[in-house]
Each structure stands twice: as C-alpha cells, then as structure tokens.
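This report concerns only the one structure given below.
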Amino acid sequence: DFSIGEPERRRFFIDQTLSMYDLLYIDINRKYKKILKTRNLLLKEEKYDLLEAYDYSLAEVGAEIVKKRDRAIFQFNQLFSKLYEQVSDIDSVTLKYDSQWKDLSIDEIIKILFEKRETDKIMKVSMSGPHRDKIKFVRKGKPFISTASTGQRRLTALLLRICQASFYTSITSKKPVLLMDDVLLELDPDKREKVTILLPEYDQLFCTFLPGEPYERYMKHDTKILNVENGVFSERISNSK
C-alpha cells in the first residue's frame, strides 16, 4: 500500500512509474545511487577531502531526478484528484512533492550540501538529496492520510495504480495488463463498481475475489470466471452486460 508506510515506498512508486517508459531515468537513478553510496562510504571512512568532487556529481544527477519526479507528480495530479472525487465525493485530494532540491540550480544544491556537511560527518550519511524526498497526500493544504479511513487509504492506493496505468498508456500508446488481487476488499460495492468503471483501457485484466464478492455488478459480457473450490477449478463465461 503506497498510501501509508515509509516515504521510501512512495519514492519507489514514482521511480517505478518513470522507469516504465523513460530508459534515461533508469540510468540516471542507477548513477545517483552509485554516487550516493560512494559519498556515504567517504563519510564513514572520514575521507572528507574527496567530498567536494562527489558533491558536484551528486548535485548534477540528483537535480535531474528531482526535475523528472516533480513533472511526473504534476501530471499525476491532473487525473488523481478528479478520480478520487468521482469515486468518493471527496474533492481536492492531491499528491505533494517535498524535496530540498526542488527548483534549485546546481550551484544552489552544492551550497546546501556544503552547509549540511558537518551534519553529514556526524551522521556518517548524506542528509540531503532526492533519496530523502517525501511524497505526501494532502487535501486543501492539510495532511490527508493521517485522518483518512482504511477504505479511503485503500482507495488512494488503488487510484494511484489507475493513474500509473493511464500515464503509461498516454506516454507509450500501449495498453497495460492489470492484476487486481483482492484489492477492492475494503471498499463498499458502489465504490468497487465505480473503480472498475474508471479503469483505463487495458489489454487484459485479472481479478481475484473472496467468496460472496458481487462481481456480477461490474463484469463485462466476455468476462471469464474461474471458481476455485478445494483446489478444483470450474469455468464459465458471463452473460451480463
């Protein structure tokens, strides 16, 4: 669930989204991690005379990551807030990107790294950079997830995936293959139906449900249904819609 947990999970989600279509981003992200690992090693080994050279490399590559993440989140918000309101009637839920390096030049970033160097020496790790970025969910300027219900949090994670699939298709013109593994469990039947209606055009969709799921409300005319009981599969083709 990308809506809760450590900030690293949400950074991973955005990095994953960008990596699905931007090969350059994969290289940039890999390069940044390599530079960061070396810089942290220098801090641990107290080889401070080499930090200045690595600061420039870290700033240069990190600035590209921040720029791409910021643009991706901006594009996500064009769809995410609308979808959330359509399903739940709760408006103005958006993603907020917090980065110390956002909208800064390379020189300004290097200045931040220099100012934090003494802290870095004490902590033995780099305390500034996109590896410490935070992606938050807010509503009208206030934190949203901390006051949201379990269902609202689950809906947040679901709509993130829907936006990701739509984003992927808009960039690549390819239809995604979707897997929904009992992800609608904490939503009421009306919201479940709304979510399935809002799914982007896909190549294939695989869903798993517990017994009693009212899937008849949102399956299509050619949906294939497999029942599993005591390890035995039985199959039928739906006739609805």
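The values are calculated or read from the model by the stated rules, or taken from the named source; none is laboratory data. Quantities reported herein were computed from a predicted structural model and do not represent experimental measurements. Note: ideal-geometry Cβ built from the backbone for every residue, glycine included; neighbour counts use all protein chains shown. Only protein heavy atoms, including side chains, enter the accessible area calculation; ligands, DNA and RNA are left aside. Shrake-Rupley method; radii C 1.70, N 1.55, O 1.52, S 1.80 Å.
Please find, among 120, 107, 98, the residue that is within 16 Å of the chain's Cα centre (by Cα), of a type in the set (Asp, Glu) and within 24 Å of residue 29 (Cα to Cα).
98
Any residue in segment 124-133 that is over 21 Å from residue 72 (Cβ atoms), open to solvent by less than 40 Å² (accessible area, probe 1.4 Å), in contact with a Leu (Cβ under 8 Å, 6 or more places away or on another chain) and hydrophobic (A, V, I, L, M, F, W, C)?
For segment 124-133, residues over 21 Å from residue 72 (Cβ atoms), open to solvent by less than 40 Å² (accessible area, probe 1.4 Å), in contact with a Leu (Cβ under 8 Å, 6 or more places away or on another chain) and hydrophobic (A, V, I, L, M, F, W, C): absent.
If residue 55 satisfies every condition in (1) more than 21 Å from the chain's Cα centre (by Cα); (2) open to solvent by 10 Å² or more (accessible area, probe 1.4 Å) but one, which is the exception?
Result: residue 55 fails condition (2) only.
Step by step: first the residues of segment 42-52, then only those that are without any contact (Cβ under 8 Å) to a residue 40 or more places away in the chain and assigned to a helix (DSSP H, G or I), then the one that is surrounded by the fewest Cβ atoms within 10 Å (Cβ to Cβ). Which residue is that? Quick ask: steps written out before the conclusion?
Just the residues of segment 42-52 that are without any contact (Cβ under 8 Å) to a residue 40 or more places away in the chain, to begin with: 42, 45, 47, 49-50, 52.
Checking the rest, the ones that are also assigned to a helix (DSSP H, G or I) come to 42, 49-50, 52.
On the way: 42: 19, 49: 8, 50: 13, 52: 12.
Restricting to residues being without any contact (Cβ under 8 Å) to a residue 40 or more places away in the chain and assigned to a helix (DSSP H, G or I), the top hit is 49.
Conditions tested, residue by residue: (1) surrounded by 16 or more Cβ atoms within 10 Å (Cβ to Cβ); (2) in contact (Cβ under 8 Å) with a residue 12 or more places away in the chain.
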site: 170; (1), (2): no, no
site: 182; (1), (2): no, yes
site: 185; (1), (2): no, yes
site: 196; (1), (2): yes, yes
site: 201; (1), (2): no, yes
site: 206; (1), (2): no, yes
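Going by what's in this entry, would residue 39 be described as touching a strand residue (DSSP E or B) at 6+ places or on another chain (Cβ under 6 Å), crowded, with 19+ Cβ neighbours inside 10 Å and either part of a helix (DSSP H, G or I) or of a type in the set (A, V, I, L, M, F, W, C) (or both)?
Values: touching a strand residue (DSSP E or B) at 6+ places or on another chain (Cβ under 6 Å): no; crowded, with 19+ Cβ neighbours inside 10 Å: yes; either part of a helix (DSSP H, G or I) or of a type in the set (A, V, I, L, M, F, W, C) (or both): yes.
For residue 39, the condition - touching a strand residue (DSSP E or B) at 6+ places or on another chain (Cβ under 6 Å), crowded, with 19+ Cβ neighbours inside 10 Å and either part of a helix (DSSP H, G or I) or of a type in the set (A, V, I, L, M, F, W, C) (or both) - is not met.
In segment 83-112, how many residues are surrounded by 15 or more Cβ atoms within 10 Å (Cβ to Cβ), assigned to a helix (DSSP H, G or I) and without any contact (Cβ under 8 Å) to a residue 60 or more places away in the chain?
Qualifying residue count for the region: 3.
Which of the residues spanning segment 92-128 are more than 19 Å from residue 69 (Cα to Cα) and touching a strand residue (DSSP E or B) at 6+ places or on another chain (Cβ under 8 Å)?
92
Does residue 225 qualify as being under 24 Å from residue 17 (Cα atoms) and not in a loop (DSSP other than H, G, I, E, B)?
Against the criterion (under 24 Å from residue 17 (Cα atoms) and not in a loop (DSSP other than H, G, I, E, B)), residue 225 does not qualify.
Condition first: at pLDDT 95 or above, over 21 Å from residue 168 (Cβ atoms) and over 20 Å from the mean Cα position of the chain (by Cα). Can you find one or more residues in segment 61-70 that meet it?
Yes, that holds for at least one residue.
Select from segment 73-125 the residues that are at positive phi and in contact with a Lys or Arg (Cβ under 8 Å, 6 or more places away or on another chain) and list them in ascending order.
Correct list: 92, 124.
Just a yes or no: is a residue in segment 150-162 out of contact with any strand residue (DSSP E or B) (no Cβ under 8 Å at 6 or more places or on another chain) and more than 28 Å from residue 203 (Cα to Cα)?
Yes, segment 150-162 contains at least one residue that is out of contact with any strand residue (DSSP E or B) (no Cβ under 8 Å at 6 or more places or on another chain) and more than 28 Å from residue 203 (Cα to Cα).
Can you tell me which residue is farthest from the chain's Cα centre (by Cα) among those in segment 1-24 that are part of a helix (DSSP H, G or I) and polar (S, T, N, Q)? Show your work before the answer.
Initially, segment 1-24 is screened for residues part of a helix (DSSP H, G or I), giving 7-19, 23-24.
Subset that is polar (S, T, N, Q): 16-17, 19.
Details: 16: 7, 17: 7, 19: 11 Å.
The extreme case among them is 19.
If you take the residues in segment 208-222 that are out of contact with any helix residue (DSSP H, G or I) (no Cβ under 6 Å at 6 or more places or on another chain) and assigned to a helix (DSSP H, G or I), which one is surrounded by the most Cβ atoms within 10 Å (Cβ to Cβ)?
It comes out as 215.
In this structure, does residue 165 turn out to be at pLDDT below 95, open to solvent by less than 50 Å² (accessible area, probe 1.4 Å), touching a Ser or Thr at 6+ places or on another chain (Cβ under 7 Å) and of a type in the set (A, V, I, L, M, F, W, C)? Break it down into steps so the answer makes sense when it comes.
Working: at pLDDT below 95: yes; open to solvent by less than 50 Å² (accessible area, probe 1.4 Å): yes; touching a Ser or Thr at 6+ places or on another chain (Cβ under 7 Å): no; of a type in the set (A, V, I, L, M, F, W, C): yes.
Judged against the criteria, residue 165 is not a match.
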